[in-house]
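The values are calculated or read from the model by the stated rules, or taken from the named source; none is laboratory data. Small disclaimer: the values here were computed from a predicted structure and weren't measured. Quick reminder, even Gly has a Cβ in these numbers, built from the backbone with ideal geometry, and neighbours come from all protein chains shown.
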Amino acid sequence: MPCGVAVGAGPVPCGPGMGSLSHGAPLALGCSRPTVPRGDDQARHLRGTQVFSWAGDPMPSHAHPPPPQWFESSKIHVAALVVGECSETPSHWSASRSLDQWLKEQNIPGLEGVDTRALTKKIREKGTLLGKLVPDGTPEKSLAFEDPNKRHLVQEVSLKTPCVFNPGGSLRITAVDCGLKYNQVRCLCERGAAVTVVPWDHPLDTADFDGLFISNGPGDPQLCQETVSNLRRVLDAPQPKPIFGICLGHQLLSLALGARTYKMKYGNRGHNQPCLHEDTRRCFITAQNHGFAVEVGSLPPGWAPLFTNANDGSNEGLVHEHKPFFSIQFHPEHRAGPTDLEGLFDVFMEVVRDLQSRDGSARTGGCGDAARPRKVLILGSGGLSIGQAGEFDYSGSQAIKALKEENIQTVLINPNIATVQTSKGLADKVYFLPITPEYVTQVIRNERPDGVLLTFGGQTALNCGVELTKAGVLERYHVRVLGTPVTSIEMTEDRKVFVEKMEEIGEHVAPSEAAASLEQAQAAAESLGYPVLVRSAYALGGLGSGFANNREELVALVSQAFTHTSQVLVDKSLKGWKEIEYEVVRDAYNNCVTVCNMENLDPLGIHTGESIVVAPSQTLNDTEYFMLRRTAVKVVQHLGIVGECNIQFALNPESEQYYIIEVNARLSRSSALASKATGYPLAYVAAKLALGIPLPLLRNSVTNSTTANFEPSLDYCVVKIPRWDLSKFLRVSTKIGSSMKSVGEVMAIGRNFEEAFQKALRMLSTPHLAPLNPLARQELETPTDKRIFVLAAALRDGYSIERLYKLTKIDRWFLHKMKNITDHAVLLESYREEQSTMPPAVLKRAKQLGFSDKQVALAVLR
């Protein structure tokens, strides 16, 4: 699905409570989720285990059933939903019904086909607005605007009588329900708490609990004076009990201690809000949805800010200097949303256990402020080859610009004169020499740089840097590797070491074995079981790789691979799984963001450079997206990568099972695509981080005011399609697979997948879509460089989505989108005889689907 900008037309309640919110709640604007997940009874495998246990069978009469795994509330709490596009056909494995059906079941009106970007701009200009939906032709005044802030929303959504979750828990936590989310209960119960949820105005007695939790909720905190009074009595108790507040709970705690709150012009709403921890100055990405904030200047003595918004400077948390009280404005537990700070629930439970105040920080030693280099050597990628485009020229040029801004002298080695980075006036000095240890050593001896960048020249520069380190050249001439250390690079390149490092943090790579001889490779294949993937270690673009279905094919592939490398990797085949990528940025102080998430349209088995790639991912649900994001951050932090890297996952299309395919600790073709897709200058930022500059101190290159420590959200879709010139090479197979043959790629941007997809296809030489023949049917199973056009012909020929999925393993969502295009082409052709009868809506839909004027003309006039 296109990841839309979610905005509230009106003061949007922070979160639905366990009770019900009546109609008249604000509208929710944005792009839709493609499907509604199954109920809890059909999704017990989520997170692998069921965390709620009950002492006895049947469940105690006073205990509340565990909250459903897939939902955060008992019902939908918006008055209406407005989206840019709604997926008509559910395709996710967990889906039981569509979003449209779910809204109808709960009597919630929905509206699609609205330009949500235009609405967002209007809200930016005016501030938070009230909104209403009326049928076309209805007098506007027939429905009055309603201001939710004039209603006591907390009273409406809070439960009416107390209930207990997980009564067998070891610690007693009372949770004040001001609009509680189910995941807050889950987070507490998972950590061993017996959670008693009480209404918003329930009297609080410190004898009844070991710790007090105050939930999020909707509306103005000033309306909850009963809660504030109850909290004030708990704060003043002679034996203080730990208190933890979230969102509205943070604001209510602030009012109880005597601080003030104020209404924000827009509020902070989204999954990508950066928050600085005051003690460590580390920055975390958080989920937020609030329209009120706490005035820091009104805090009484003994209280201090805990977190601050890195963009607007608003308060994001408070902590008492001596007593066990703290609160936060953001949602560490939000679903959907990043879970970087879910550990604050651990902090709270630890405080409850030992009644000692903790600041909740994730302290890291980080890297100290190293001396700023005066002269830096940059290794380019050398001449272009099959498997490369201009991505390394792009990244190297950005790095040089970043270093020059810091007044650092740059020396570049690159034998390719046909590049931007070797242009006069960019680098201070350029050596047109091969990227080999011998030549690079000579340059180091002559120039005496005090730093070297290895991650901007692809695999060629990485391999050269590793050899220079092993030979002791860098140590001999006192040259410091900037950015990712060589040890971290070697961890990602040596498969055996990489597997061990992943096991240390409980992650798994695809079953794989390294082999240094043909005999070892044969033994590995027998152990793993055919089919297997054979690939060269330390190689770019899957050079010499391929799938072996039997011993004979294995021998041929391994023999070829050993002509390029001394080690081959034999992997268990995961052909047909989804391939998902994340571009991750980390600085020397452990600040980490995932700048872009991408999904390969083609399933695993086709090299990512040979595949059509879509950003952001379109077929993942929120659980899958943030599960992989959490893993990506954990892996990059564990490996100690500094700068930018790419991590690739294999995801089972029928479950949440995944494997890590590999980590590229360098700028890559995917990095260049991510930079262009998001507008985030990855190479530029990576060069700055290599100098030891903290990520939160860097500015967003678009706004020049907000921090670069953020994750872009896209309300558009980006599609990359490789370009092949196989017709120029005699006797070269047109089949595409795990080894790259493409010589370039095109990228297109559109408001939806169909538009971006058609734009990208037009930049390639498009053949006539002839009727399907027996040979073309084979191309669906064994892809070639023309497969996408064969797919189009198959759809026109009447192939069903299910049949095409079985043949290609391309996700049904993408196949449905392609069918939208071919179906509309057929509709346009139906007006050939009477063009004047074509309704304007048909032409408008054609433009929305990305048809060019020429395409429409050919369809109608041919």
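Data for the structure
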quantity: Residue match in region 283-298 (condition: surrounded by fewer than 21 Cβ atoms within 10 Å (Cβ to Cβ) and part of a loop (DSSP other than H, G, I, E, B)); calculated: no
quantity: Matching residues in region 808-862 - criterion: being among the small types (Gly, Ala, Ser) and either closer than 30 Å to Leu651 by Cβ or touching an Asp or Glu at 6+ places or on another chain (Cβ under 6 Å) (or both); calculated: Gly850, Ala859
quantity: Region 127-170, residues that are surrounded by 11 or more Cβ atoms within 10 Å (Cβ to Cβ), among the hydroxyl-bearing types (Ser, Thr, Tyr) and assigned by TED's automatic domain parsing to the domain that holds Lys181; calculated: Ser158, Ser170
quantity: Pairs, first surrounded by fewer than 18 Cβ atoms within 10 Å (Cβ to Cβ) in region 509-521, second among the β-branched types (Val, Ile, Thr), C-beta under 6 Å, six or more apart; calculated: Leu518/Val558
quantity: Leading residue by the ranking (nearest to the chain's Cα centre (by Cα)) among those in region 166-181 that are farther than 25 Å from Val228 by Cβ and either modelled with pLDDT of 95 or more or not in a strand (DSSP E or B) (or both); calculated: Asn166
quantity: Filter pass, Glu316 being assigned by TED's automatic domain parsing to the domain that holds Glu342, closer than 17 Å to Asn709 by Cα and of a type in the set (Asp, Glu); calculated: yes
quantity: Residue that is at pLDDT 90 or above and under 20 Å from Ala427 (Cα atoms), where the choices are Val479, Val473, Val466, Val486; calculated: Val479
quantity: Tally, over region 248-267, of residues that are of a type in the set (A, V, I, L, M) and in a strand (DSSP E or B); calculated: 1
quantity: Qualifying position, being touching a Lys or Arg at 6+ places or on another chain (Cβ under 9 Å) and more than 23 Å from Val78 (Cβ to Cβ), among Leu143, Leu204, Leu188; calculated: Leu204
quantity: Among residues of region 796-835, those that are in contact with a Gly (Cβ under 8 Å, 6 or more places away or on another chain) and hydrophobic (A, V, I, L, M, F, W, C), counted; calculated: 1
quantity: Unique residue being in contact with a strand residue (DSSP E or B) (Cβ under 6 Å, 6 or more places away or on another chain) and not aliphatic (A, V, I, L, M) when the list is Asn590, Asn646; calculated: Asn646
quantity: Residue match in region 94-108 (condition: of a type in the set (D, E, K, R) and assigned to a loop (DSSP other than H, G, I, E, B)); calculated: no
quantity: Strands (runs of 3 or more DSSP E) (entirely within region 497-600) containing at least 3 residues that are under 23 Å from Gly458 (Cβ atoms) and not basic (Lys, Arg); calculated: 532-536, 568-572, 578-586, 592-600
quantity: Residue list for region 558-569, restricted to those being among the hydrophobic types (A, V, I, L, M, F, W, C) and touching a Lys or Arg at 6+ places or on another chain (Cβ under 9 Å); calculated: Ala561, Val568, Leu569
quantity: Residues being buried (at least 23 other Cβ atoms within 10 Å of the Cβ) and either among the hydrophobic types (A, V, I, L, M, F, W, C) or outside the structural domain of Tyr582 (by TED's automatic domain parsing) (or both) - total across region 652-669; calculated: 3
quantity: So Ala287, is it free of Cβ contacts under 8 Å to residues at least 60 places away in the same chain and in contact with a Pro (Cβ under 7 Å, 6 or more places away or on another chain); calculated: yes
quantity: Criterion (farther than 25 Å from Ser701 by Cβ, outside the structural domain of Thr608 (by TED's automatic domain parsing), within 36 Å of the chain's Cα centre (by Cα) and surrounded by 15 or more Cβ atoms within 10 Å (Cβ to Cβ)) met by exactly one of Gln459, Gln421, Gln398, Gln409; calculated: Gln459
quantity: Residues satisfying the stated conditions in region 223-278, i.e. touching a Lys or Arg at 6+ places or on another chain (Cβ under 6 Å) and surrounded by fewer than 21 Cβ atoms within 10 Å (Cβ to Cβ); calculated: Pro240
quantity: Condition check for Phe345: outside the structural domain of Ala632 (by TED's automatic domain parsing), in a helix (DSSP H, G or I) and either within 25 Å of the chain's Cα centre (by Cα) or crowded, with 20+ Cβ neighbours inside 10 Å (or both); calculated: yes
quantity: Filter result for Ala672 (of a type in the set (A, V, I, L, M, F, W, C), crowded, with 23+ Cβ neighbours inside 10 Å and farther than 23 Å from Lys578 by Cα); calculated: no
quantity: Count - residues of region 217-247 that are part of a loop (DSSP other than H, G, I, E, B) and closer than 22 Å to Glu321 by Cβ; calculated: 7
quantity: Hits in region 128-172 - residues which are among the small types (Gly, Ala, Ser), closer than 30 Å to Pro203 by Cα and touching a residue at least 40 places away in the same chain (Cβ under 8 Å); calculated: Ser158, Gly168
quantity: Any hit, region 75-87, residues being surrounded by fewer than 20 Cβ atoms within 10 Å (Cβ to Cβ), in contact with an Asp or Glu (Cβ under 7 Å, 6 or more places away or on another chain) and modelled with pLDDT of 50 or more; calculated: yes
quantity: Top-ranked residue of region 191-212 - restricted to ones that are under 30 Å from Asp147 (Cβ atoms) and touching a Pro at 6+ places or on another chain (Cβ under 9 Å), ranked as surrounded by the most Cβ atoms within 10 Å (Cβ to Cβ); calculated: Val197
quantity: Complete set of residues in region 786-822 that are more than 30 Å from the chain's Cα centre (by Cα) and either farther than 22 Å from Ile721 by Cα or outside any helix (DSSP H, G or I) (or both); calculated: Lys786, Asp797, Gly798, Tyr799, Ser800, Arg803
quantity: Leading residue by the ranking (surrounded by the most Cβ atoms within 10 Å (Cβ to Cβ)) among those in region 306-330 that are over 18 Å from Met264 (Cα atoms) and either acidic (Asp, Glu) or free of Cβ contacts under 8 Å to residues at least 40 places away in the same chain (or both); calculated: His320
quantity: Single residue of region 551-588 satisfying the filter (among the hydroxyl-bearing types (Ser, Thr, Tyr) and either surrounded by fewer than 24 Cβ atoms within 10 Å (Cβ to Cβ) or more than 24 Å from Asn646 (Cβ to Cβ) (or both)) that is nearest to the chain's Cα centre (by Cα); calculated: Ser573
quantity: Residues (assigned to a loop (DSSP other than H, G, I, E, B), in contact with a strand residue (DSSP E or B) (Cβ under 8 Å, 6 or more places away or on another chain) and not charged (D, E, K, R)) located in region 188-216; calculated: Gly192, Trp200, His202, Leu204, Phe209, Ser215, Asn216
